[in-house]
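The structure appears right after this line, and notes come after that.
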Amino acid sequence: MARLTALQEEIAAGHSAALVGQTFKAILENDAGGFIEARLPDNRVVRVQADTALLGKRAEVTVTEAKSWVLYGEVTAVYD
């Protein structure tokens, strides 16, 4: 089981790493203890540093860092 889990971690890390540098449309939807969670159209979540006043807004988010299961990014544009 540990080998299967390690393989899945490796696969997930590869998929996540491929997203670094890409920009996506997102909805800024949750305050997650120091981060805002930006929800992408494919249901992935990117953690961004942003003001909670932006919650509920549509935005463009660029992925800047990827872990196996967590994406980090920055808000590059906000739409009304």
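The values are calculated or read from the model by the stated rules, or taken from the named source; none is laboratory data. A quick note: this is a predicted structure, and the numbers were derived from the prediction, not measured. A quick note on method: Cβ atoms are made from the backbone with ideal geometry, for glycine too, and the neighbour counts reach across all protein chains shown. Keep in mind that these areas ignore ligands, DNA and RNA; they rest on the heavy atoms of the full protein, side chains included. Shrake-Rupley method; radii C 1.70, N 1.55, O 1.52, S 1.80 Å.
Remarks
- Every helix of 4 or more DSSP H residues in the chain counts as -39500 (n - 2.57), and over all residues that averages to -6500 deg cm²/dmol at 222 nm.
- Accessible area expressed per residue, the chain, with surrounding protein chains retained (probe 1.4 Å, Å²): 64
- Sequentially through segment 26-37, phi angles give Karplus couplings (6.51, -1.76, 1.60; θ = phi - 60°) of 8, 10, 7, 10, 9, 8, 10, x, x, 10, 9, 8 Hz, Gly and Pro residues having no value and appearing as x.
- Here's the picture: a label point sits 7 Å out from the Cα of Thr64 along the beta-carbon direction, and within segment 3-18 the residues with their amide nitrogen under 17 Å of it are 17.
- For the chain, the Cβ-based charge dipole about the Cα centre amounts to some 180 debye (Lys, Arg positive; Asp, Glu negative; other atoms uncharged).
- Principal-axis analysis of the Cα atoms of the chain puts helix 2-17 at an angle of about 40° to the longest axis.
- Calculated percent of Cα pairs over 17 Å apart (choose from (i) 60; (ii) 44; (iii) 37), label: (ii)
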